[in-house]
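Asks: Below is the structure I would like to discuss, written out as structure tokens.
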Amino acid sequence: MSLSLSNQQLISIANEYGTPVYVYHAEKITEQFNKLKSAFDKTNARFFYAGKALTNINILKHIRSVGCNIDCSSINEVKLAVHAGFEKQNILYTSNGIAFSEIEEAVSLGVNVNIDSLSNLEKFGKKYGHTYPVGIRLRPNIMAGGNLKISTGHEKSKFGIPVEQLDKILALVKEHGLFICGLHIHTGSEIKDVSVFMKVADIFFDLVPNFPEVRFLDLGGGFKVPYKEDEEGTDVALLGEKVNEVMQKLKQTYHRNFEAWFEPGKFMVSECGYFITQVNVMKQSGGTMFAGVNSGFNHLIRPMFYESYHRIENICNPNAAKHAYTVVGNICETDTFAWDRQLSEVREGDLLVFYNAGAYGFEMASNYNARFKPAQVLVIKGAAHLIGKRDVFEDLLRNQVEVL
Ligand code: LLP
């Protein structure tokens, strides 16, 4: 039975901190990390939490405290990681489409860097030659992931250096004496099929002889977690076994030791998160019963942006008969969280909880319609702590320069 927060805990947090509110459960994050550790216990594996999923500093500190490393997608994420106490060798910066100056800054902080364009690789070679090890992000031309917007490995994707440009990479390595310490491929998000990761491993297998100094093979993140009641996530135990097999084979074939690196985001924090909203308005219209909550895509954009399914429950009336409700927000746009969803009878004032709200929930929130971003609460050892204040009116004006 995996860890979760009870309805009672969520109701009392809503009463204390108001709604809408994001709630995170620290021990659930630990549980997820432990699953990974035990799945890969035979392999020389390192895990770098994809911080982009949720960067609240307390979450980062908790993740560090359980022994996980961190993957960053911007220099500011790198700085947050440093602030959270991660040591530089445990920070990875997987850059994409950035100005070279950000890479210089990452180097000055001494963190691991993955580069994803020939252009930046060339600049890197010119400036650092063999003095600073660097990983290269490749594009494998594999289509995988929950939907096109979160698929990053296909041949129309902007990410990584296409594998077919290997000659160009090798020419740069030769010309500048680059110290290529790692190869990186992240194929997408919500990949259930273990064989996708094994295809990536096969690509690495063929590439490795070209890079005598490579010591890590980074298979990215993208493990699927269940969003629906009856859904299964990536079988990480199976993945662990398969990766172990291929790592053994690599060792036997090339007589070199490699580390397998991973960058899980959703796997680490999706299920630890709950987003609690309150029903403002019930509206009957034609055949539809709308439940209008005090939120919208300004707070949780995944359903509208990716058509993602988030399980919803009415925690104030959990045992009542179920009916179909279309759950919408209060933004002046069509911000439908769910169409005709079966929920136990909903009344104005009830609390509707969205599950799997830890990853890319608050992190993608905005102040659209001049609404406040929600508060964030962390439950650790049974106690709730406010870790992010709800905006106040002054926040809406904070960065505005009034010239009139
Ligand atoms: N590594 C790299 C280089 C990535 O680009 C990503 C995600 C990850 C790791 C972590 O992927 P995860 O384990 O979380 O699937 N906002 C979207 C997901 C975007 C993912 C972007 N990159 C969503 O809410 O579905």
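Asks: Which of the following residues is among the small types (Gly, Ala, Ser) and within 25 Å of Tyr93 (Cα to Cα): Gly51, Gly18? Break it down into steps so the answer makes sense when it comes.
Replies: Working: Gly18 fails: within 25 Å of Tyr93 (Cα to Cα).
Just a single option satisfies the conditions, and that option is Gly51.
Asks: For Met143, state whether it is away from the ligand (no atom under 16 Å from the Cβ) and either closer than 18 Å to Pro209 by Cα or surrounded by fewer than 20 Cβ atoms within 10 Å (Cβ to Cβ) (or both).
Replies: So Met143 fails the test.
Asks: Tell me the residue from Ser151, Ser157 that is of a type in the set (Gly, Ala, Ser), in contact (Cβ under 8 Å) with a residue 24 or more places away in the chain and over 17 Å from Asp206 (Cα atoms), please.
Replies: Exactly one of Ser151, Ser157 is of a type in the set (Gly, Ala, Ser), in contact (Cβ under 8 Å) with a residue 24 or more places away in the chain and over 17 Å from Asp206 (Cα atoms), namely Ser151.
Asks: Within the range 136-158, how many residues turn out to be out of contact with any strand residue (DSSP E or B) (no Cβ under 9 Å at 6 or more places or on another chain) and part of a strand (DSSP E or B)?
Replies: 0
Asks: Ok, one more. State yes or no: is Pro264 assigned to a loop (DSSP other than H, G, I, E, B) and within 30 Å of Arg347 (Cβ to Cβ)?
Replies: no
Asks: Next up: If you scan the range 181-200, which residues turn out to be surrounded by fewer than 20 Cβ atoms within 10 Å (Cβ to Cβ) and not acidic (Asp, Glu)?
Replies: Cys181, Lys192, Val194, Ser195, Met198, Lys199
Asks: What are the residues in the range 241-272 that are touching a helix residue (DSSP H, G or I) at 6+ places or on another chain (Cβ under 8 Å) and under 24 Å from Ser65 (Cβ atoms), if any?
Replies: Ala260, Phe262, Pro264, Gly265, Lys266, Phe267, Met268, Val269, Ser270, Glu271, Cys272
Asks: Which strands (runs of 3 or more DSSP E) does the range 342-404 wholly contain that include 3 or more residues that are under 28 Å from Ser189 (Cβ atoms) and touching a residue at least 12 places away in the same chain (Cβ under 8 Å)?
Replies: On the way: elements: 351-354, 375-380, 383-388.
Passing ranges, in order: 351-354, 375-380.
Asks: Of the numbered conditions (1) surrounded by fewer than 19 Cβ atoms within 10 Å (Cβ to Cβ); (2) within 20 Å of Phe223 (Cα to Cα), Cys68 fails exactly one; give the number of that condition.
Replies: Unmet for Cys68, out of (1) surrounded by fewer than 19 Cβ atoms within 10 Å (Cβ to Cβ); (2) within 20 Å of Phe223 (Cα to Cα): (1).
Asks: When you scan the range 62-77, do you find a residue that is within 23 Å of Phe262 (Cβ to Cβ), in a helix (DSSP H, G or I), of a type in the set (Ser, Thr, Tyr) and more than 16 Å from the ligand (Cβ to nearest atom), even just one?
Replies: Looking through the range 62-77, at least one residue is within 23 Å of Phe262 (Cβ to Cβ), in a helix (DSSP H, G or I), of a type in the set (Ser, Thr, Tyr) and more than 16 Å from the ligand (Cβ to nearest atom).
Asks: Condition first: within 15 Å of the ligand (Cβ to nearest atom) and outside any helix (DSSP H, G or I). Now tell me which residues in the range 46-61 satisfy that.
Replies: Arg46, Phe47, Phe48, Tyr49, Ala50, Leu54, Thr55
Asks: Please find, among Phe216, Phe197, the residue that is closer than 25 Å to Asn69 by Cα, of a type outside the set (Lys, Arg), in contact with a helix residue (DSSP H, G or I) (Cβ under 7 Å, 6 or more places away or on another chain) and touching a residue at least 24 places away in the same chain (Cβ under 8 Å).
Replies: None of the other options fit; the residue is Phe197.
Asks: For Glu175, only one of the following conditions fails: (1) under 19 Å from Asn96 (Cβ atoms); (2) out of contact with any His (no Cβ under 7 Å at 6 or more places or on another chain); (3) of a type in the set (Asp, Glu). What is its number?
Replies: All conditions are met except number (1).
Asks: Looking for whichever is farther than 25 Å from Tyr49 by Cβ, away from the ligand (no atom under 13 Å from the Cβ) and among the aromatic types (Phe, Trp, Tyr) here; the options are Phe100, Phe86. Which one fits? Let's see the steps before the verdict.
Replies: Numbers: Phe86 fails: farther than 25 Å from Tyr49 by Cβ.
Step by step, each of Phe100, Phe86 is checked, and only Phe100 is farther than 25 Å from Tyr49 by Cβ, away from the ligand (no atom under 13 Å from the Cβ) and among the aromatic types (Phe, Trp, Tyr).
Asks: State the number of residues belonging to the range 7-18 that are surrounded by 20 or more Cβ atoms within 10 Å (Cβ to Cβ) and of a type in the set (Val, Ile, Thr).
Replies: 1
Asks: Suppose we keep only residues that are β-branched (Val, Ile, Thr) and closer than 14 Å to Gly329 by Cα within the range 280-295. Which one would you say is surrounded by the fewest Cβ atoms within 10 Å (Cβ to Cβ)? Let's see the steps before the verdict.
Replies: At the first step, the residues of the range 280-295 found to be β-branched (Val, Ile, Thr) are 281, 288, 293.
Narrowing further to those that are closer than 14 Å to Gly329 by Cα: 281, 293.
Working: Val281: 12, Val293: 28.
Once the filter is applied, the top-ranked residue is Val281.
Asks: Would you check which residues across the range 169-223 are part of a helix (DSSP H, G or I), of a type in the set (Phe, Trp, Tyr) and within 13 Å of the ligand (Cβ to nearest atom) and list them?
Replies: The one that is part of a helix (DSSP H, G or I), of a type in the set (Phe, Trp, Tyr) and within 13 Å of the ligand (Cβ to nearest atom): Phe197.
Asks: For the range 296-305, check the following and say yes or no: at least one residue is loosely packed, with under 15 Cβ neighbours inside 10 Å, within 16 Å of the ligand (Cβ to nearest atom) and under 30 Å from Thr55 (Cβ atoms).
Replies: yes
Asks: Okay, next question. Considering only the range 1-45, state which residues are within 28 Å of Arg390 (Cα to Cα), small (Gly, Ala, Ser) and not in a helix (DSSP H, G or I).
Replies: Ser4, Ser6, Gly18
Read-outs: derived from the displayed coordinates by stated rules, not from any lab. Small disclaimer: the values here were computed from a predicted structure and weren't measured. When we count neighbours, we look across all protein chains shown, and the Cβ atoms used for this are built from the backbone with ideal geometry, even at glycine.
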